[in-house]
Every structure is written in C-alpha cells, then in structure tokens.
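In what follows, a single structure is set out as structure tokens and then discussed.
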Amino acid sequence: DSDLLVSADCVPFAFAGFHQELLRGKILVIFCPKLDGDIGGYITKLSEIFSNHNIRSITAVHMEVPCCSGVRYVVNKALEKSGKKIPVKDYTITISGEMD
C-alpha cells in the first residue's frame, strides 16, 4: 500500500521543493535515463515492483531536457509489462527549477 515516486536523479538538485512537495510519504526510485546503460533492466525491475506489490499511485518527475523524457517511457513500459492499471501523475521540472 505505497505511493511511488519515480524520478530522474538530477531533479532533487534542480527543484528545491523535492522533499517537501514530491517525496514526502512516497517510496523513491531514482535513475538517469541518459547515463544509466540498462534501461531495460529498469523496466524489468519496475514491472516486478508493480506486479508484486500494491502500488496506489505513481508520480513520475523529470527535467524538461530531452534526455529526461525516458523516465516516463520506463514507467509506461513497466506498467505495460506488469499488466497493472496504476494512476500516474507526471511532473516536469524546468531548467530554472520550477515545477510545471
């Protein structure tokens, strides 16, 4: 019975309200869709988490830069692979540190 936050690893550095506005009360999964080499591994791991646990909601957060769009891709593919229907909220952090 958890809410999950899936975040690009650069977000906490760019968004000052990360802990108060996004992380509070959630379990964190964090990675870099550009620099981490095994995106398929992240899809598999998240799919297993979704399949084997009762996840109430997913919050996906990434930067506005193109390489960060992979966060939502990984979440979508993992949901598809798990066969679960879990509500997803998606937030983008601008390069000036604002949440969009």
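Worth a mention:
- Structure remark: mean-square fluctuation, Gaussian network model of the chain, C-alpha springs under 10 Å; the largest value among 46, 23, 35 belongs to 35.
- For the chain, the solvent-accessible area with a 1.4 angstrom probe is 56 square angstrom per residue.
- Of all DSSP bridge pairs formed entirely within the chain, close to 5 percent run antiparallel.
- Shape category assigned to the chain from the gyration tensor of Cα positions, a/c cut at 1.5: oblate
- Close Lys-Lys pairs in the chain, where close means Cα under 22 Å and separation is 8 or more or interchain: 17
- The chain, accessible surface, carbon-and-sulfur percent (1.4 angstrom probe): 52 percent
- Taking every C-alpha pair closer than 8 Å and separated by at least 6 residues, the mean separation divided by the residue count of segment 2-100 gives a relative contact order of 35 percent.
The values are calculated or read from the model by the stated rules, or taken from the named source; none is laboratory data. Just so it is clear, the structure is predicted and the values come from calculations on it, not from any experiment. Heavy atoms of the whole protein, side chains included, go into the accessibility calculation; ligands, DNA and RNA do not. Shrake-Rupley method; radii C 1.70, N 1.55, O 1.52, S 1.80 Å.
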